[in-house]
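Inspection log for the structure reproduced underneath, given as structure tokens.
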Amino acid sequence: MKFRNPVLEYRLRKGNDHYVPIYHYREIELEQILARRECEFFVKDGVTYKQLSSAIEDELFIIYVEIYEEGPPEPAILTQDGILLEIREWNAIKGHPLIMSEYVTNHLDVLSTIGSVYTYHQWKEWERDSAEIDEDRKAYVLYVTPTGYSITE
């Protein structure tokens, strides 16, 4: 395996073309780095960051971000074993209603879901809008919009 000791670093944009490291993860699996890199948003300590781009330097994976919005941190969800993955409708007026949630066993399961353009739940087809890793709530969230296509048996 090429990446024996991968490291993830988030860098915050400060002005034009200037970035400063804000979070550094040494003990992290490659699969988690790839799942996080698939997320357009990263939430930590009440701050939502928007991903601008990503890079790799040897075994250092970098995600470049800017502040998107700030608010009070949401409490962590009491978890079962596994990684919490939520699918929510992208609809701010309705508070992004929950379509489904499940606990998955690994980050490849997360990546398989958040990396898909279309998912099918409640007999409907949903199109991916964006994804986030919410460290405050200890969850990944996939935001989707209905395509209008219904599944019939």
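Considering only residues that are charged (D, E, K, R) and in contact with a helix residue (DSSP H, G or I) (Cβ under 8 Å, 6 or more places away or on another chain), which ones fall in segment 3-40? It would help to see each step written out before you state the result.
Applying the first criterion (charged (D, E, K, R)) to segment 3-40 yields 4, 9, 11, 13-14, 17, 26-27, 29, 31, 36-38, 40.
Those that are charged (D, E, K, R) and in contact with a helix residue (DSSP H, G or I) (Cβ under 8 Å, 6 or more places away or on another chain): E29, E31, E38.
Looking only at segment 1-51, count how many residues are in a strand (DSSP E or B) and of a type in the set (D, E, K, R). Working first, answer last.
From segment 1-51, those in a strand (DSSP E or B) are 7-13, 19-25, 41-44, 47-51; that's our starting set.
If we keep only those that are of a type in the set (D, E, K, R) as well, we get 9, 11, 13, 44, 50.
Result for segment 1-51: 5.
Residues of segment 97-128 that are within 17 Å of the chain's Cα centre (by Cα) and of a type in the set (A, V, I, L, M, F, W, C): L98, I99, M100, V104, L108, V110, L111, I114, V117. Comparison of H121, H107, H96 shows that the only residue that is touching a Leu at 6+ places or on another chain (Cβ under 8 Å) and not aliphatic (A, V, I, L, M) is H107. State whether the residues of segment 132-153 include one that is part of a loop (DSSP other than H, G, I, E, B), acidic (D, E), without any contact (Cβ under 8 Å) to a residue 60 or more places away in the chain and exposed (fewer than 14 other Cβ atoms within 10 Å of the Cβ). Checked segment 132-153: at least one residue is part of a loop (DSSP other than H, G, I, E, B), acidic (D, E), without any contact (Cβ under 8 Å) to a residue 60 or more places away in the chain and exposed (fewer than 14 other Cβ atoms within 10 Å of the Cβ). Taking the residues in segment 9-45 that are of a type in the set (A, V, I, L, M) and either out of contact with any His (no Cβ under 8 Å at 6 or more places or on another chain) or in the same structural domain as Y143 (by TED's automatic domain parsing) (or both) as candidates, determine which candidate is surrounded by the fewest Cβ atoms within 10 Å (Cβ to Cβ). For segment 9-45, the residue satisfying everything is V20. Among the residues making up segment 119-150, those that are among the hydroxyl-bearing types (S, T, Y), more than 21 Å from I83 (Cα to Cα) and modelled with pLDDT of 95 or more are T145, T147.
In segment 101-124, the residues that are in a loop (DSSP other than H, G, I, E, B) form Cβ pairs under 7 Å with partners that are of a type in the set (D, E, K, R), at six or more places apart or across chains, as follows: N106/E31; G115/E38; S116/R128; V117/E127; V117/R128.
The values are calculated or read from the model by the stated rules, or taken from the named source; none is laboratory data. Just so you know, these numbers come straight off a predicted model, no measurement behind them. Cβ sites come from the backbone with ideal geometry, for glycine too, and all protein chains shown count toward neighbours.
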